[in-house]
């Protein structure tokens, strides 16, 4: 009984809070404008779809643009529906909670009715029930409005999805029209009748283009600002670096370069616009190409081809925007193809005659000739939709080839300009890695241009809706390996990390090699440092690549255990060679350029790797020796501490020869050779009595151990001549055979 008053007071305070919450939930000022805008947008897009056949959108740009607009409008409805549904759910929850409280008060009042003190709290209970009823009454008025609003948004979302399907069907129907004859035969009666009515069709008002997308406007503004900054930066850099005017012809006009960069960036990143927007884009591309080709050192065939291509781009876009009648469009396409075939062939022959080889321009011209031939055949066969689509795709492809060519030329010129500038030449680091940096920079530029060009080419031929969509599909592809799911984007990032580590290793090895050469370090020390740096950076790049693939590096402990088991069973030799290679690189018992003898092979050490060492023998054969043999077996290093070496030549003279005279002659012959050191002096002396001669040895010291074979051959030749001149005989082994007759013979 004592709890009734506090409970009712708390209930009244909560009721006041719920009334404020209900007013916020019922407030439609924040939701209804969005719902009205979505309703108007869906209605506008439905009307646009209904007018597509009348507009004759055979190019597909209008359909694609409408498709993107429908998708954007539908995407905005999803969060709007979530907001409205959340409000409706909150109202339902409030209603359920307060109905429970009304039932609780009703049951409480019935249970207290028999209590003598009930009349003292009956008024409070009645007041609480009235307050709950008022809250429920307000909720009952708000529920229909929220439900109606939620249902309306759902209907809009359903209409958006139906509109998406309708646009997709329209797009598929446009694609199927390529396989059908969509126009009467040329020079037929039906064709002439359609041509006679073309004038009236031209006088019809041109349909208004679709409204511009704010995102496209921001993209255009961003590209324009980027081109402006590029032009200003290029002008500033040329004046700061004191670049000669004729050093880079393509970069001599910064404003043209900036315009080209801005136009190409917008044309690549934009969505299909349709109508006169496409004419503006085509005109900007044409102007940029014409200005740039006039600055390049190109012959007149190339310049004329670019001018004609630019004119064709603008004419094709204008024909689509004006919605020319099919008969006039057919005549224009046929005239374009028939006139372009001989003209483009003539320009290609002139270019080939000037350069004497098959240039990229000639290759592009061959593609254009093939496309024009197919275009003419398709138009003559009454496949007008196919010819119309092919004309747009062909012009876009040729323009893409041209843009890719200029982009590579501009990028290469800018890179060479930056590396050849006086500030860059004053940098010791850039001076050492200039050639390698330019080579890798050009490779990276070609890779980027190739990927973007391929994606754009897919867009031109309507394989995908846009390069961005193609890239999204590519990086979104996934491969499942057990519990590991890899995406192509992750694999590309991982490969990029390893490639970056390899490139950085290459640059650092070049710098370390030149620094070691300047510090007069021997080749072996430089190779040791470079090898260590290379494998360290590659290991780091490999670990970063694994992390980008989503592989937990802590799992490498399991791999290390498995690797240890593998070593125990079958990788002992590989690990042994690896450890031996590290010993050779750090202890350096054998260095690059040393003359060594191992297992009967003698040669010069060419390379010391972590697994094997390469030795170049005297017969110019390369012997690959595992590193563990160089560490565990006996190796003769003729040049480890000094390049001097001793040569011992055994000589036999006849018994009875003057040995003092012979020794003097041998020493004189040896002293005449420039490779023989004067100190220690040559020495000759007898060493043994042989069967047919007295054995002597000539011992000489050479200034270079690698000269031993040449000095030995020269000594033998000269000693033979000198001993013959001195009448000193060199006996040869003789064997006397005595025959005894057998008894009884």
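The values are calculated or read from the model by the stated rules, or taken from the named source; none is laboratory data. What you see is a predicted model; the values in this text were computed from it and never measured. Methodologically, a virtual Cβ is constructed for each residue, glycine included, from the backbone with ideal geometry; neighbour enumeration extends over all protein chains shown.
Computed quantities for the displayed model
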{"read-out": "Count of residues meeting criterion [surrounded by 16 or more Cβ atoms within 10 Å (Cβ to Cβ) and over 27 Å from residue 351 (Cβ atoms)] in the stretch 277-316", "value": "4"}
{"read-out": "Some residue of the stretch 417-425 being over 26 Å from residue 251 (Cβ atoms), in contact with a helix residue (DSSP H, G or I) (Cβ under 8 Å, 6 or more places away or on another chain) and modelled with pLDDT under 85", "value": "no"}
{"read-out": "Count of the stretch 651-666 residues which are over 18 Å from residue 688 (Cβ atoms) and in contact with a strand residue (DSSP E or B) (Cβ under 9 Å, 6 or more places away or on another chain)", "value": "2"}
{"read-out": "Residue among 94, 102 that alone is in contact (Cβ under 8 Å) with a residue 40 or more places away in the chain, more than 30 Å from residue 382 (Cα to Cα) and out of contact with any strand residue (DSSP E or B) (no Cβ under 7 Å at 6 or more places or on another chain)", "value": "94"}
{"read-out": "Breaking point among (1) modelled with pLDDT of 85 or more; (2) farther than 23 Å from residue 443 by Cα; (3) surrounded by 19 or more Cβ atoms within 10 Å (Cβ to Cβ), for residue 406", "value": "(2)"}
{"read-out": "Test: residue in the stretch 721-729 that is assigned to a helix (DSSP H, G or I), within 30 Å of residue 637 (Cα to Cα) and in contact with a helix residue (DSSP H, G or I) (Cβ under 8 Å, 6 or more places away or on another chain)", "value": "no"}
{"read-out": "Qualifying residues in the stretch 619-664 (those that are closer than 22 Å to residue 711 by Cβ and free of Cβ contacts under 8 Å to residues at least 40 places away in the same chain) - the one surrounded by the most Cβ atoms within 10 Å (Cβ to Cβ)", "value": "663"}
{"read-out": "Top-ranked residue in the stretch 677-694 [being in a strand (DSSP E or B) and free of Cβ contacts under 8 Å to residues at least 40 places away in the same chain; ranked as surrounded by the fewest Cβ atoms within 10 Å (Cβ to Cβ)]", "value": "689"}
{"read-out": "Residue within the stretch 164-180 that is outside any helix (DSSP H, G or I) and modelled with pLDDT under 75 present", "value": "yes"}
{"read-out": "Selection from the stretch 415-445 of residues that are surrounded by fewer than 16 Cβ atoms within 10 Å (Cβ to Cβ) and within 22 Å of the chain's Cα centre (by Cα)", "value": "435, 436, 439, 442, 443, 444"}
{"read-out": "Flag for residue 339 being touching a residue at least 60 places away in the same chain (Cβ under 8 Å), over 32 Å from the mean Cα position of the chain (by Cα) and within 16 Å of residue 391 (Cβ to Cβ)", "value": "no"}
{"read-out": "Residue match in the stretch 319-333 (condition: surrounded by fewer than 19 Cβ atoms within 10 Å (Cβ to Cβ) and at pLDDT 85 or above)", "value": "no"}
{"read-out": "Residue count for the stretch 683-700, restricted to those that are modelled with pLDDT under 90 and closer than 13 Å to residue 645 by Cβ", "value": "0"}
{"read-out": "Of the criteria (1) under 60 Å from the mean Cα position of the chain (by Cα); (2) surrounded by 13 or more Cβ atoms within 10 Å (Cβ to Cβ), which one residue 671 fails", "value": "(1)"}
{"read-out": "Residue match in the stretch 571-585 (condition: out of contact with any helix residue (DSSP H, G or I) (no Cβ under 7 Å at 6 or more places or on another chain), surrounded by 14 or more Cβ atoms within 10 Å (Cβ to Cβ), free of Cβ contacts under 8 Å to residues at least 24 places away in the same chain and not in a helix (DSSP H, G or I))", "value": "yes"}
{"read-out": "Residue within the stretch 600-610 that is assigned to a strand (DSSP E or B), closer than 30 Å to residue 723 by Cβ and touching a strand residue (DSSP E or B) at 6+ places or on another chain (Cβ under 9 Å) present", "value": "yes"}
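Residue by residue, here is whether (1) within 30 Å of the chain's Cα centre (by Cα); (2) within 30 Å of residue 174 (Cβ to Cβ); (3) not in a helix (DSSP H, G or I) holds:
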position	(1), (2), (3)
350	no, no, no
353	no, no, no
374	no, yes, no
379	no, yes, no
382	no, yes, yes
388	no, yes, no
